[in-house]
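I'd like to ask you about the structure that follows.
The values are calculated or read from the model by the stated rules, or taken from the named source; none is laboratory data. Nothing here was measured: the structure is a model prediction, and the numbers come from that model. As a convention, Cβ positions derive from the backbone with ideal geometry for all residues, glycine included, and neighbour counts pool all protein chains shown.
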C-alpha cells in the first residue's frame, strides 16, 4: 500500500536517521481514548518513532488514556491533561470562541507550545490541529493533520510561523532523532545534532 502523500513529502524533508523503536498497541490506544488515531500519525510512529525534531519539537510516545492521567508531561497522557486545563484558561482566536474540543496532545516544543488534535469527529482523518502558542498566549486552529502540519511548517507554507521559534519554519530539511539515538550520540561524546565532538556530551550519566 502506498504511503499517504503528506508522509512521502515528510520523508523527503526529514529522512529517518534510524528505525523507530516505539512499540504501540493501537487497539489499546483506540479503546482507551475512544477513537482510533489518524493513519498518517500511526505510520509516522512506525517509521520515525517518538523523539525530537532538531532539539526543538518533541513528538511524545503514544499512550493509553487513564484516569487520573499521569506520566511525563512531554508525552501524550499528562500533556493532554495539561492542554485541557490550558484550554479553559487561555485566549482563543475568534473562530474558536465557545468551542469545546476533544483535545489530544501529540507534541510540545522548547517554546512551551502545545500541539493537539481536536478529536471531536469520530473520523480521525478529519481531526484538525489546535495549537497553543505560549509566546502569544493564544490557541489557533490549522485545518490539516499532524503529518501535513509538519510538512507545511518545514516548507514555510503558513502565512506566519505557527510555533514560538522560527528555526524550523521554511527550513526544508530537518533531522529527527529517537530518544534512544539521541542518548547514544550523547554518550559517544558528540553533539547529537551536529555530529561534532563535544567534550561535555559524555560527562554525565543520562540513565
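Return the only residue of 152, 173 being assigned to a loop (DSSP other than H, G, I, E, B), within 22 Å of residue 12 (Cα to Cα) and either in contact (Cβ under 8 Å) with a residue 12 or more places away in the chain or under 19 Å from the mean Cα position of the chain (by Cα) (or both).
Details: 152 fails: assigned to a loop (DSSP other than H, G, I, E, B).
Step by step, each of 152, 173 is checked, and only 173 is assigned to a loop (DSSP other than H, G, I, E, B), within 22 Å of residue 12 (Cα to Cα) and either in contact (Cβ under 8 Å) with a residue 12 or more places away in the chain or under 19 Å from the mean Cα position of the chain (by Cα) (or both).
Within region 8-24, how many residues turn out to be in contact (Cβ under 8 Å) with a residue 12 or more places away in the chain and either within 27 Å of residue 68 (Cβ to Cβ) or crowded, with 20+ Cβ neighbours inside 10 Å (or both)?
Residues that pass the stated criteria total 4.
Give me the residue from region 176-207 that is part of a strand (DSSP E or B) and closer than 19 Å to residue 51 by Cα and, out of that set, modelled with the lowest pLDDT. Don't jump to the end; show me each part of the working.
Step one: list which residues in region 176-207 are part of a strand (DSSP E or B), which gives 176-178, 190, 197.
Filter again for closer than 19 Å to residue 51 by Cα, leaving 176-178, 190.
On the way: 176: 98, 177: 97, 178: 96, 190: 91.
Taking the candidates together, the pick is 190.
Any idea which of (1) in contact (Cβ under 8 Å) with a residue 60 or more places away in the chain; (2) not in a helix (DSSP H, G or I) is the one residue 157 doesn't satisfy?
The one condition residue 157 does not meet is (1).
So residue 104 fits all but one of (1) touching a residue at least 12 places away in the same chain (Cβ under 8 Å); (2) over 16 Å from residue 149 (Cβ atoms); what number is the exception?
In the conditions (1) touching a residue at least 12 places away in the same chain (Cβ under 8 Å); (2) over 16 Å from residue 149 (Cβ atoms), residue 104 misses (2) alone.
Among the residues of region 89-107, are any on the phi < 0 side of the Ramachandran plot, in a helix (DSSP H, G or I) and under 13 Å from the mean Cα position of the chain (by Cα)? Outline the logic, then answer.
Here is the first cut: in region 89-107, the ones on the phi < 0 side of the Ramachandran plot are 89-97, 99-107.
Remaining after also requiring in a helix (DSSP H, G or I): 89, 94-96.
Adding the requirement that they be under 13 Å from the mean Cα position of the chain (by Cα) leaves none.
There is no residue in region 89-107 that is on the phi < 0 side of the Ramachandran plot, in a helix (DSSP H, G or I) and under 13 Å from the mean Cα position of the chain (by Cα).
Okay, next question. Conditions first: (1) outside any strand (DSSP E or B); (2) within 25 Å of residue 186 (Cα to Cα); (3) at pLDDT 95 or above. Residue 30 passes all but one, so which condition is the exception?
It is condition (2) that residue 30 fails.
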